[in-house]
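The values are calculated or read from the model by the stated rules, or taken from the named source; none is laboratory data. The shown structure was predicted, so the numbers you read here are calculated from the model rather than taken from an experiment. A quick note on method: Cβ atoms are made from the backbone with ideal geometry, for glycine too, and the neighbour counts reach across all protein chains shown. Heads up: the accessible areas ignore ligands, DNA and RNA and are worked out on the full protein's heavy atoms, side chains in. Shrake-Rupley method; radii C 1.70, N 1.55, O 1.52, S 1.80 Å.
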Amino acid sequence: GTASSSTILYGDQTYKTEPAGGLTAASQWRLTTSFTGDLSPINANWEEVDAPVGFGILGSSMTESSGIFTFPSTGYWWVGFDFMCFSDSQGATAYIEGHIYTTTNNSTYAQAANPRLSYAGSTYTNSAFGNYIHDVTDTANDKVAFYITSNAGTIIGSTSYNRTYATFLRLGDT
């Protein structure tokens, strides 16, 4: 259809102003430095994505302190965690697990997602991804953190592009 300067058309609906809804916040954070072993949580070397050209942040950003991420607003939030790693197993079977942990009381964390890799060999590079939708009702108490457990692996970080990273998208109101 067509629209005049005072109306907006969505499908067969006409609005005087744009309808509410849609994503209102989106940001990505990445690990800047590689590490070997377990971290519960990954408590250092996070940065909000700031490169390469064309990066974007929508609305208010997440904040991070010692590996604990705080949501900037209430709502339903999609949380994704992708980690890239390589095996240091010297030919033996290796496992590397990523974990998304959440809390609603700023104290007791529960595992919400557990992407896992298991493979034989050494120096194989791979990645795994997990996600979770968290209903944030209280920004002082609803938090998220990312953990790694591994018997023989290195988690890969980079300051130039996403290798191990988290994505946060506010889907809508709670």
Completion exercise
Computed over region 77-174, the Cα gyration tensor eigenvalues, each multiplied by 5 and square-rooted, give semi-axes in Å (largest first) of 29, 14, 10
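Of all the C-alpha pairs in the chain, what % are more than 24 Å from each other? Mind dumping the intermediate values first?
Working: 6584 of 15051 pairs.
Roughly 44 percent, once rounded to a whole number.
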Problem - Relative contact order for the chain, counting Cα pairs under 8 Å that sit 6 or more residues apart, in percent - result: 34 percent
Practice task
For 96, 57, give the ranking by accessible area with the largest first, probe 1.4 Å.
Solution key: 57, 96
Practice task
Apply 1/(1 + (r/R0)^6) to the Cβ-Cβ distance of residue 171 and residue 119, taking R0 = 25 Å, and write down the FRET efficiency to the nearest 0.05.
Solution key: 0.15
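Within the chain, what is the longest stretch that has no chymotrypsin sites (Phe, Trp or Tyr not before Pro) placed in a DSSP loop and near at most 15 other beta-carbon atoms within 10 Å? Kindly include the intermediate steps, with their values, before the conclusion.
Values: sites that count: 55, 124, 161.
Between the exposed loop sites, the longest stretch runs 56-123.
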Fill in the blank from the handout: Cα-based Debye curve of region 21-119 sampled at q = 0.11, 0.16 Å⁻¹ gives log₁₀ I(q)/I(0) of -0.42, -0.84
Exercise for the section: Roll a 1.4 Å probe over the protein chains and send me the accessible area per residue for the chain in Å². Expected result: 50 Å²
